[in-house]
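Here's the structure we're looking at; comments come further down.
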Amino acid sequence: MTTTSPAAPALAAATTAPGRRRSARGRSEWKGLAFVAPFLVVFLLVFIAPVAYSLYLSLFRQQLVGGNAFVGLDNYAALVQDPQFWESFGRVVLFLVIQVPVMLALALVAALAIDSARLHASGFFRIVIFLPYAVPAVVAVLMWGFMYGDNFGLAANINDWLGATVLTPFAREWVLVSIGNIVTWEFVGYNMLIFYSALRVIPTDLYEAAELDGAGPFRVVTGIKLPALRGAIVIATIFSIIGSFQLFNEPNILRTLAPNIITTYFTPNMYAYNLSFAGQQYNYSATVAIVMGVITAVIAYVVQLRGSRKEDR
């Protein structure tokens with residue numbers, strides 16, 4: 001007759017528990033991987049694969065003799081000495097420096113006004129300000145383009161009424177301002193919604209404490225609302241920087257109305273597009289795209305880093 005020790009079941013359970021935990025952990029890991037797998041597949045197909053292919057193309061050059069030959073970094077060296085690229089790059093930098101602060105300032109003022117209890121019918125104004133963002137970009141540009149026309153539209157009518165050529169939106173010195181006006185009109189509502197959403201999550205206790213301390217509306221804005229908006233401002237700034245470097249739709253559509261002013265290399269994106277589809281220079285076009293992607297990523301990262309440091313303080 002054999003006897004079983006009372007500690008035997010406990011010992012068996014202790015030896016099998018780690019194995020069960022490992023199998024359970026393995027099943028949960030596979031479930032998590034299956035959950036994110038669709039995103040990973042789409043991410044690889046629409047982001048990683050095009051970037052890798054563009055990088056591959058930038059290292060080659062189509063030659064009359066030898067076909068598509070490996071040239072290493074020669075395309076990048078040629079880009080550094082390309083005056084058309086630097087002209088287009090300087091133009092979008094100027095656009096960014098002027099248009100982005102104006103657009104974000106208008107969006108901030110609109111968000112603060114809508115969030116204020118002093119504004120009546122705030123829901124109506126919120127919809128009206130956001131509505132231009134809902135208009136398709138092509139429709140918005142065409143609408144403004146026909147208003148800008150020197151021989152037709154609103155600008156021409158005003159000039160005829162004044163009896164002088166006062167408004168010239170398609171003049172060489174004003175065309176970038178005209179494009180900036182369109183972009184601002186399109187995206188003020190989008191950025192306003194980002195700021196307004198951040199304002200709505202501020203705890204009401206802060207407002208009550210400020211009221212007890214005798215703080216006025218201006219002090220509430222500078223002491224409570226603006227510090228709470230710092231993260232939203234950083235996000236909106238990063239999105240605006242990326243959008244400025246990707247400027248394409250507005251000048252490309254307006255080019256049909258002002259072909260002598262808006263060139264094929266008006267912005268880096270237009271330059272890359274026309275190099276590829278009009279000039280059949282796919283390798284050099286990929287080089288432009290890679291360089292602009294790196295520049296945009298670096299600047300966006302610097303802005304995010306500085307914004308996070310200020311927020312930590």
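The values are calculated or read from the model by the stated rules, or taken from the named source; none is laboratory data. Bear in mind that the values here come from a model prediction, so they are computed numbers and not experimental data. No Cβ is skipped: glycine too gets one built from the backbone with ideal geometry, and neighbour counts run over all protein chains shown. With ligands, DNA and RNA removed, areas are computed over all heavy atoms of the protein, side chains included. Shrake-Rupley method; radii C 1.70, N 1.55, O 1.52, S 1.80 Å.
Structure data summary
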quantity: Two-site FRET efficiency, Asn260 against Val36, from Cβ-Cβ distance with R₀ of 51 Å, rounded to 0.05; calculated: 0.50
quantity: Value at 222 nm in deg cm²/dmol, rounded to 500, when DSSP H runs of n ≥ 4 in the chain each add -39,500 (n - 2.57); calculated: -23500 deg cm²/dmol
quantity: Length released on extending from Phe239 to Ala78, taking residue separation times 0.36 nm less the Cα-Cα span; calculated: 55.0 nm
quantity: Nitroxide proxy distance, nm - points 7 Å out along Cα→Cβ at Ser197 and Phe125; calculated: 2.1 nm
quantity: Debye, to nearest 20: dipole size of the chain, +1 on Lys, Arg Cβ, -1 on Asp, Glu Cβ; calculated: 1300 debye
quantity: The stretch 35-190, accessible surface, carbon-and-sulfur percent (1.4 angstrom probe); calculated: 75 percent
quantity: Degrees, to the nearest 10: 175-200 long Cα axis against longest axis of the chain; calculated: 30 degrees
quantity: Residue among Asn191, Val166, Ala52 farthest towards the positive dipole end of the chain, charges placed on Cβ; calculated: Ala52
quantity: Environment charge at Ala113 (Cβ cut-off 15 Å; Lys +1, Arg +1, Asp -1, Glu -1); calculated: +3
quantity: Amide H partners (placed H, <5 Å) of Phe60, local residues excluded; calculated: Val71
quantity: Relative contact order for the stretch 249-313, counting Cα pairs under 8 Å that sit 6 or more residues apart, in percent; calculated: 17 percent
quantity: Nearest-ten-degree value, helix 230-245 long axis tilted from longest Cα axis of the chain; calculated: 50 degrees
quantity: Three-way shape call for the stretch 33-95 based on the alpha-carbon gyration tensor, with the a/c threshold at 1.5; calculated: oblate
quantity: Rounded, prolate or oblate (a/c below 1.5 giving rounded, otherwise prolate when a/b exceeds b/c) for the chain by Cα gyration tensor; calculated: oblate
quantity: Between 0 and 90°, nearest 10: helix 7-43 axis offset from the chain longest Cα axis; calculated: 10 degrees
quantity: Accessible carbon and sulfur surface of the stretch 211-266 relative to its total accessible area, %, 1.4 Å; calculated: 57 percent
quantity: Whole-Å distance, taken between Cα centres, linking the stretch 102-177 and the stretch 183-230; calculated: 25 Å
quantity: Highest-fluctuation residue, Val51, Val188, Val41 considered, GNM on the chain with Cα pairs under 10 Å; calculated: Val41
quantity: Selected from Gly145, Gly189, Gly67 as most flexible by GNM, with the chain as the system and alpha-carbon contacts under 10 Å; calculated: Gly67
quantity: 15 Å beta-carbon shell around Ala140, net charge (K/R +1, D/E -1); calculated: -2
quantity: Å² per residue, accessible surface of the stretch 118-157 at 1.4 Å; calculated: 65 Å²
quantity: Cα gyration tensor category, rounded, prolate or oblate, for the stretch 126-281 with a/c compared to 1.5; calculated: prolate
quantity: The stretch 56-135 - percent relative contact order, Cα under 8 Å, separation 6 or more; calculated: 13 percent
quantity: Residue-normalised accessible area of the stretch 158-313, given per residue in Å² at a 1.4 Å probe; calculated: 55 Å²
